[in-house]
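Notes for the one structure printed next.
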Amino acid sequence: MNSRYSLNLGKPFGIKVSVHWTFSLLIAWIVFITVRQGLGTTQVLMHVFFILVLFLCVVLHEFGHSLTAIKLGGKVKSITLLPIGGMANITEMPENPRDEFLISAAGPMVNIVIAGLLWIYLGLFHTVDTDQMEFTTITFSNFPVILLAANLFIVAFNLIPAFPMDGGRLFRSALAMKMNRLKATRIAKDIGQIFAVMFIFAGLFFNPFLIIIGFFVFLGAKGEYEMMRYKDILNNYTVKDILMTDYERMDENDSLEDAAEKHAHTSNRGYVITADGKYAGILTKNALIKGLSVYGKKGRIKDVMNENIESVKPDMTLFDVYKNMQLNKYDMVPVKENEKFKGVLDIENINEFFMIQRAMNNITS
Ligand SMILES: [Zn+2]
């Protein structure tokens with residue numbers, strides 16, 4: 001999720017928590033529905049308050065996943081709240097099936113605990129008789145009952161085995177105890193996508209949120225499986241296997257016009273920029289186009305090149321580099337050994353390498 005479109009809420013346990021702007025649409029929708037039902041101001045606010053408390057439960061659910069992942073050696077960057085739920089951005093995930101099982105189960109467990117606490121509260125302190133309770137709108141007396149039910153609903157919905165939802169992850173980790181992880185992911189992905197199509201269909205008749213969730217699940221399943229395939233192949237190679245040594249060079253004092261002119265005659269996607277003959281940074285095609293629109297033809301390459309791209313080492317696995325490039329949105333990275341510049345790695349080259357290796361594997365296996 002792009003943080004530009006999110007409101008920052010804080011950084012407990014080092015995890016950035018933010019709420020996506022579309023969340024305001026959910027609040028607007030709740031207000032719209034309740035006003036149309038003819039409810040008074042207090043009751044409308046009560047519904048909004050309920051949604052906020054419910055999403056607090058969703059955040060706690062994501063913390064369940066995140067803190068368990070961290071405890072098991074993973075890394076979590078952020079948690080983003082969307083109208084359809086929370087998303088924890090776990091950048092490094094422990095991969096043995098048992099750890100994955102625990103991480104996936106920890107989220108729903110949090111909601112079970114919340115439901116349990118509400119149940120105890122209702123039994124001990126809430127004197128209202130639930131048999132007599134009205135449930136057409138949310139009131140002070142039925143608030144904890146509905147919140148309890150909503151938490152149980154979150155548990156039940158998340159446990160649907162629609163990968164990459166929690167239930168689907170539990171399913172994959174159970175499969176991965178019996179077979180290799182790639183195969184387990186493919187089966188979980190196929191089943192996840194069947195559920196996604198069912199969500200989209202059901203959404204057309206019942207609740208439009210299901211349509212959005214369906215698309216998220218469908219694309220999420222595809223994306224994770226693709227990543228696994230990359231990993232399966234690229235983990236067998238290192239940077240030096242596809243190191244580019246015949247790169248195009250330009251000087252940092254060359255103009256953007258020079259770069260544009262050169263670009264018209266090559267198929268390069270980026271240039272190695274030098275200062276006094278030594279590596280100084282990378283100029284990608286996108287940075288060049290952006291630079292031309294900001295500085296014009298007379299702009300200097302050094303104004304738009306990226307000098308801060310972390311270099312990689314020749315013996316790093318291709319997958320680690322690929323993952324890092326995806327995460328940071330790098331098109332090209334410098335390769336250095338003992339501080340000495342060796343060449344570059346281009347994301348398109350990695351993609352092509354992957355496709356060629358995959359095609360060859362399909363024939364031989
Ligand atoms: Zn979850």
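The values are calculated or read from the model by the stated rules, or taken from the named source; none is laboratory data. It should be emphasised that the depicted structure is a prediction, and the values quoted were computed from it without experimental measurement. Cβ: placed from backbone, ideal geometry, glycine included. Neighbour counts: every protein chain shown. SASA here: full protein model, heavy atoms, side chains in, ligands and nucleic acids out. Shrake-Rupley method; radii C 1.70, N 1.55, O 1.52, S 1.80 Å.
Some observations on this one:
- Out of Leu159, Leu122, sole residue that is touching a residue at least 24 places away in the same chain (Cβ under 8 Å) and more than 13 Å from the ligand (Cβ to nearest atom): Leu122
- Spans of strands (runs of 3 or more DSSP E) in the stretch 1-113 with at least 3 residues open to solvent by 50 Å² or more (accessible area, probe 1.4 Å): 6-10, 85-92
- Scanning the stretch 213-224 for residues that are open to solvent by 60 Å² or more (accessible area, probe 1.4 Å) and free of Cβ contacts under 8 Å to residues at least 24 places away in the same chain yields Phe215, Leu219.
- Candidates Leu67, Leu102, Leu45, filtered to the one that is more than 30 Å from Asp320 (Cβ to Cβ) and either under 16 Å from the mean Cα position of the chain (by Cα) or not polar (S, T, N, Q) (or both): Leu45
- Answer residue from the stretch 68-93, given it is small (Gly, Ala, Ser), closer than 20 Å to Phe55 by Cβ and modelled with pLDDT of 85 or more and is farthest from the ligand (Cβ to nearest atom) among those: Ser78
- Within the stretch 336-365, considering residues that are free of Cβ contacts under 8 Å to residues at least 24 places away in the same chain and open to solvent by less than 70 Å² (accessible area, probe 1.4 Å), the one nearest to the chain's Cα centre (by Cα): Asn351
- Checked against the criterion of being modelled with pLDDT under 95, among the aliphatic types (A, V, I, L, M) and over 24 Å from Val48 (Cα atoms), the candidates Ala176, Ala149 yield just one match: Ala176.
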